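Everything on this sheet refers to the single structure shown next.
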Ligand SMILES: [Zn+2]
């Protein structure tokens, strides 16, 4: 059983590369009564849509991918990471399903390696186009062109200005080579998909919804006729997706973007079946959005109160994350805390000041 199965939430990891464990209360969400497919298998989940799982070599041990029938084959949404267990699962899916319904294209929801990681490998193996947002393609190019590596000095300066002094810790947190290791290369994107573009796949019409906050250029896919939402990492049933403010961010207020994206999704039909990238498909989208929003608003109030006295981001971490943080988890936690502090700055509740070269937040 997966650590993300609702029946098993106490064993869920406290933090993952995707975010913080944060399940909704029982009965807020209605999980579908379909057993999760084994790696390399796929099961029907809605008319013309199949659910498959690709294992990940992480504490978050799987990603869900969705196979959408096109009439002459299928399109897959998201891919898994460039790891042998992921490729093995795909080879099984090829034998079990793609031999009958050939792969016609790969749609990538966002830049994170568990989503884009095998896009190039699938593209080459099946000779198919890749679709994603222009921003996701730009981010992938910057990771692959070595520009991210050149950003190390920028990152060091950023973390020092936020009160970190341990160079070893900074180096352990920011490792741009990690992205390259977890992806099979830079896919060639044939078609950029923009907000509200309608993709005609077989008899289905899928509307792309740009939903920023967790990742710039993140796309969900909505099929109103089937009452389906492929939510990527924007809405997950048992995890509060990581929302980070980092050096080099294009978005000055990612938490603001995230919360307004959630409100946009809240307008979808109440009985929409949500197909998340991690965990089990569920109904109860509005409840989940309200729970996630409430969680962030609580954290914001807590931080605003803490900032009655001037605070560095490092000072507020123990209040947001009640455990020891290191390496990637420390990196994600700093990003998440800064996203909240910067939200408060934009809301006029907190002021950002440079005191002796360090970024300090103080309540207004
Ligand atoms: Zn993600």
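Kindly provide the set of residues from the range 162-203 that are loosely packed, with under 15 Cβ neighbours inside 10 Å, modelled with pLDDT of 80 or more, over 25 Å from the mean Cα position of the chain (by Cα) and under 29 Å from residue 328 (Cα atoms), ordered by number.
Scanning the range 162-203 gives 165, 166.
Without any contact (Cβ under 8 Å) to a residue 12 or more places away in the chain, surrounded by 14 or more Cβ atoms within 10 Å (Cβ to Cβ) and in a helix (DSSP H, G or I): is that true of residue 155 in this structure?
No; evaluated as a whole, the condition is false for this residue.
Examine the range 217-225 for a residue that is within 14 Å of the chain's Cα centre (by Cα), touching a residue at least 24 places away in the same chain (Cβ under 8 Å), within 16 Å of the ligand (Cβ to nearest atom) and farther than 21 Å from residue 130 by Cα, and state whether such a residue exists.
no
Restricting attention to the range 47-71, report how many residues are farther than 25 Å from residue 180 by Cα and in contact with a strand residue (DSSP E or B) (Cβ under 7 Å, 6 or more places away or on another chain).
Counting residues in the range 47-71 that are farther than 25 Å from residue 180 by Cα and in contact with a strand residue (DSSP E or B) (Cβ under 7 Å, 6 or more places away or on another chain) gives 7.
A quick yes/no check of all residues on (1) closer than 26 Å to residue 63 by Cα; (2) under 17 Å from the mean Cα position of the chain (by Cα); (3) more than 16 Å from the ligand (Cβ to nearest atom); (4) at pLDDT below 95:
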residue	(1), (2), (3), (4)
210	yes, yes, no, no
247	no, no, yes, yes
261	yes, yes, no, no
276	yes, yes, no, no
303	no, no, yes, no
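Under the condition of being in contact (Cβ under 8 Å) with a residue 40 or more places away in the chain and surrounded by 24 or more Cβ atoms within 10 Å (Cβ to Cβ), which residue from the range 67-89 is nearest to the ligand (Cβ to nearest atom)?
78
Select from the range 266-308 the residues that are within 30 Å of residue 359 (Cβ to Cβ) and touching a helix residue (DSSP H, G or I) at 6+ places or on another chain (Cβ under 9 Å) and list them in ascending order.
Answer for the range 266-308, where residues must be within 30 Å of residue 359 (Cβ to Cβ) and touching a helix residue (DSSP H, G or I) at 6+ places or on another chain (Cβ under 9 Å): 292, 293, 296, 297, 299, 300, 302, 303, 304, 306, 307.
Quick one: is residue 214 modelled with pLDDT of 95 or more and over 18 Å from the mean Cα position of the chain (by Cα)?
Considered against the rule, which asks whether it is modelled with pLDDT of 95 or more and over 18 Å from the mean Cα position of the chain (by Cα), residue 214 comes out as no.
Looking at the range 112-121, can you tell me whether even one residue there is in a loop (DSSP other than H, G, I, E, B) and away from the ligand (no atom under 16 Å from the Cβ)?
The answer is no, given that none of the residues of the range 112-121 is in a loop (DSSP other than H, G, I, E, B) and away from the ligand (no atom under 16 Å from the Cβ).
Name the residues in the range 217-260 that are in a helix (DSSP H, G or I) and within 27 Å of residue 68 (Cα to Cα), would you?
258
If we keep just the residues of the range 226-241 that are surrounded by fewer than 23 Cβ atoms within 10 Å (Cβ to Cβ) and closer than 25 Å to residue 79 by Cβ, which is nearest to the ligand (Cβ to nearest atom)?
Once the filter is applied, the top-ranked residue is 240.
The values are calculated or read from the model by the stated rules, or taken from the named source; none is laboratory data. Note that the coordinates shown come from a computational prediction; the quantities given were computed from them, not determined experimentally. Don't worry about glycine lacking a Cβ; one is built from the backbone with ideal geometry, like all the others, and counts go over all protein chains shown.
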